[in-house]
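Laboratory data are not the source of any read-out in this text; all were calculated from the coordinates shown. Note that the structure is a prediction, hence the values are computed from the model and not measured. Backbone-built Cβ (ideal geometry, glycine too); neighbour counts: all protein chains shown.
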Amino acid sequence: MASNSQHTNDPVDVYEHILEHEERDQQKIAVAIDKGVKAVGNVVMWANLLLILAIVSQVLFRYLLNQNYPKLDEIQWHFYGLVTMVGISYALVTDSHVRVDLLHMQLSPRARRIIEIIGILTLIVPFIYLMVDQGWDYFYESWRVNERSSSPTGLSARWALKAVIPFSFVLLALAALARLIHDVHALWLNLEEERQGKGLRLIFWALLCFAVVATALTFLVETTEEKLVIAMFLTFIALLFTGFPVAWTLAGVGVAYCGLAYLFDNDLMLWTGLESTFTGLDYLTLGAVVNRVYATMSNAVLVALPMFIFMGLMLDESGVAERLMSAMQRLFGTVRGGLAITVTLIGIILAASTGIIGASVVLLGVLSLPSMMEQKYSPSLAAGVVSASGTLGILIPPSIMLVIMADQMALSVGDLFMAAVFPGVIIGALYLTYIFVIALVKRDVAPVPEGAKRPDWNAVKDVMIAVLPTLALILSVLGSIFAGLTTPTEASGVGALGATLLALGYRKLTLAKLVNVLKATFNTTAYIFAIFLGATVFSYVLREMGGDALIEDMIHGAGLGPNGTVFMILFIVFLLGFVLDWIEITLIVLPLMRPIVNGLGLDIPGFGVMDEPALVWFVILVAVTLQTSFLTPPVGFALFYLKGVCPPQIKLMDIYKGIIPFVILQLTGLLFVFLWPQLATWLPSVAY
């Protein structure tokens, strides 16, 4: 007792004892916030099932009862808005956001925590403050006038959906607070394992290099606005390499450069030696992005996004790929390179049923790579086949990338789906041809397995049984769009229901798997939508500073002619694919190209029925180019997905070597579409 009394009377010990209790209380607060945010998310994610029900009901009412209900349409994007906005905080708590891992994964946990703390305080917090403050005003004004639907038969209380904006950002603020508490607590403990890895010096030198490049490039332009545009874009790219989530890097850089432009507008930066600007940017004008956020929440086209994601994930859970793999392997067992051909064919089938690259690459890798290694396949060929086949889903419809592109370029989703069919099939055929030829020329890279049996009618029958249900689902989704029976959004809901029924039919669907699919759909949709939010702020500030005019002048100033200009744009997109993901390029760069392409006067065949054949052709060219961004290091996400499931004998260098031929094949397919535009425009014209 005396010893204990003496210990508690020591001022240092008392202070440490108090700190220990405070730390414990702080950790309890952080854990409670985590649980609270997750609990809200776990409830809201079930709205995806209600969304499927609302979409399918609308289709049934129209065809069975010849009735159309505007309220059902509005309910759909109400569910979509709720799921996406609440999902962004859930994704932050579960650390599900997209980040560039090239340098980040080499850092020690301590260095990562320091980056996260700085990022939250400087990038996320200003954005959250803006959206809560301006979002509240936006909601309050709607509530004050009792805003309702613009349709007489639509929903009342439009303010209820607008209330989601400030509410969801308060939730995001809580999630960010929880991350801060966890990080600060871990830094305070200063554990030895937290120091394993490289320090912040690596990031410092990377940022310094970007700063030098940015400074050099600003001398190429004259006006202060142009210098700010170049600095803004390079700041974004530089901060990506810190590993901080892409969405919040976009948003934070946008807010920061809005503040910088305000200072230049008001003659507060004359000490830099640069002239003042006239951007008109300030806190209130930046608040206009709240209206853009609401427009994204209530976008009927983007409702298809979570539905196609759900459909793809549910198909992965249904066991379709495993059935196809075992059946097709028997069919091509005696063909040299048969397993690689099987993987490519399954990749094409999965591509036509899901646009989720991560799921396809991981699934194909898990199913095929161990067998390929057993059959003594070349590690580089095996890695290349799986990576390339898994990326076909971003191009072959139904593709979530094409849905977003259609929204950003004000084009029909159905037109882009149809326009992408032939280019996607051509690239798949190029893959198959390459595998067949390389297996014949280099017999050791893809040998025939020992003891392989010739296929019999039972093997053919097994393939048909495995393929037909999936093909029926694909045809019901794409066929209904192409025939004009349903909109892409309606087809996405029907496809999601069809995939669920297929999983039930195969007796693979359990409550646990359904919850997993809903969580994965919730997270995936949320991080894509978060990038939408960040890109909204970033592109708004970029445009207000004259970024679109600068890019247009630079491209027109090259004087390359119409085809040369298109080629130049594609080359820029290809290079950007090395450092940016397709989502950022689609949301930031692609919309800037619309006026440029429209002004080129391209003579692209529309067969007398298409309104904007040149724009459809151009978007497909960009889509094919962006498919390469999944395979090109350092930001090739397919490579990261594959590395996570590779057998130990496949090294990172094998993956890099393996993707080179497939990138060349993709560029060959791009050349075909560039030289023969009717490959993209003929099918949409026939549908008319």
Where only C-alpha atoms are counted, convex hull volume of the chain per residue in Å³: 208
Total formal charge among the other residues, if their Cβ is under 14 angstrom from that of S353, Lys/Arg +1 and Asp/Glu -1: -1
Separation of the T215 and A160 label points, Cα + 7 Å toward Cβ, nm: 5.7
Positive minus negative residues near L478 (Lys, Arg vs Asp, Glu; Cβ under 15 Å): -2
Neighbour net charge for A206 - beta-carbon separation under 15 angstrom, K R +1, D E -1: +3
Principal semi-axes in Å for the stretch 530-664 [√(5λ), Cα gyration tensor, largest first]: 31, 19, 14
Isotropically averaged projected area of the stretch 201-287, using the convex hull of Cα atoms (one quarter of hull area), nm²: 6.1
Unit charges on C-beta of K, R, D, E only; dipole of the chain, Debye: 2400
Across K198/K651; K71/K519; K71/K162; K38/K513; K35/K519; K376/K651, pairs whose alpha-carbon gap is larger than 20 Å: K198/K651; K71/K519
Given charges at beta-carbon only (K, R positive; D, E negative), |dipole| of the stretch 322-481 in Debye: 480
Signed unit charges on C-beta, dipole axis of the stretch 201-287, positive-most listed residue A211, L274, L284: A211
Theoretical gain in end-to-end length, D553 to W457 [0.36 nm per residue, Cα-Cα removed]: 28.3 nm
Order by protection proxy (mean Cβ within 10 Å, highest first), peptides 465-473, 212-220: 465-473, 212-220
FRET efficiency, 1/(1 + (r/R0)^6) with R0 30 Å, evaluated for L121 and E192 via beta carbons: 0.70
For the stretch 201-287, size of Cβ-based charge dipole, Lys and Arg +1, Asp and Glu -1, in debye: 480
Efficiency of FRET from Cβ geometry, M568 and L263, R₀ 35 Å, rounded to 0.05: 0.55
